[in-house]
Amino acid sequence: MEEERWLRYDRQMRLDGWGMAGQERLAQARVAIVGAGGLGCPAALYLAAAGVGTLKLIDSETVELTNLNRQILHWSEDIGRPKVCSAAEKLQRLNPLIRIEPIEARLTSENVEALLGDVEIIVDALDNFETRLILNDYAVRSRKPLVHGAIWGWEGRAMTVLAPQTACLRCLFEAGPPPGVFPVVGTTPGLIAMIQTTEVLKLLLGLGEPLFNRYLIYDGLTMEMRVLHVRPRSDCPTCRILRTEE
């Protein structure tokens, strides 16, 4: 088993600053992925492949035919199944050395602490702005890193929130996109999820520079990436509460 473990992760452990110690750090980590759709599926897939010890998948939806152009852990035979069960099954087959915890639930302000209290990093893989703000507010209060990703059509965005040193999502947005079904090409969430996954690995290993106070915008049609420098808003309702508590 030990030989299999080190052979599985050999190539990434050769990176400077990673090694056996870094891999053991990943093995002890608990990461939550909130949303098992277009962003959550590829993020979970690559975190599982990297050997993150426990992945908690949280989603309340079932697989639908319209999901299959982008939600790569869900296949035709999974239609009608809970997304977390569909995803967990494939992830466990990919890497039996890690633990997958599927939670079939919708995240709310009432259950957020119970669902996320035992994890150290949160991946925002949601497509619902109201729920995203609940996640943001919890991450700020608990001072846990929140790795945010969002997509629309050919465009994707990413940022990492870590209170109190960074801006949060409420610092940037007072309102979300209009409700309803939005367009998306499958490659967009795949690319943004890889950015989110990279951010999680850097945070766990203490390597590189996370997207703190930097808002990354990707345009697939022009194949351009821009990074906007942001800062906490003095009148942000979430950050203001944190400053008051201090």
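The values are calculated or read from the model by the stated rules, or taken from the named source; none is laboratory data. Small disclaimer: the values here were computed from a predicted structure and weren't measured. As a convention, Cβ positions derive from the backbone with ideal geometry for all residues, glycine included, and neighbour counts pool all protein chains shown.
Below, the figures for the structure above:
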quantity: Long-range neighbours under 7 Å by Cβ, at least six apart or interchain, first residue touching a residue at least 24 places away in the same chain (Cβ under 8 Å) and closer than 15 Å to S86 by Cβ within the range 101-112, second of a type in the set (S, T, Y) and in a loop (DSSP other than H, G, I, E, B); calculated: E104/S60
quantity: Residue match in the range 230-241 (condition: surrounded by 12 or more Cβ atoms within 10 Å (Cβ to Cβ) and at pLDDT 95 or above); calculated: yes
quantity: Residue, modelled with the highest pLDDT, within the range 155-183, restricted to residues that are surrounded by fewer than 19 Cβ atoms within 10 Å (Cβ to Cβ) and in contact with a helix residue (DSSP H, G or I) (Cβ under 6 Å, 6 or more places away or on another chain); calculated: P164
quantity: Candidate set from the range 132-142 (those that are within 16 Å of the chain's Cα centre (by Cα) and in contact (Cβ under 8 Å) with a residue 60 or more places away in the chain); member that is surrounded by the most Cβ atoms within 10 Å (Cβ to Cβ); calculated: L135
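Let's see how each residue does on (1) more than 30 Å from M13 (Cα to Cα); (2) of a type in the set (S, T, N, Q); (3) out of contact with any Leu (no Cβ under 7 Å at 6 or more places or on another chain):
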{"residue": "L201", "(1), (2), (3)": "no, no, yes"}
{"residue": "F212", "(1), (2), (3)": "no, no, no"}
{"residue": "T222", "(1), (2), (3)": "yes, yes, yes"}
{"residue": "L228", "(1), (2), (3)": "yes, no, yes"}
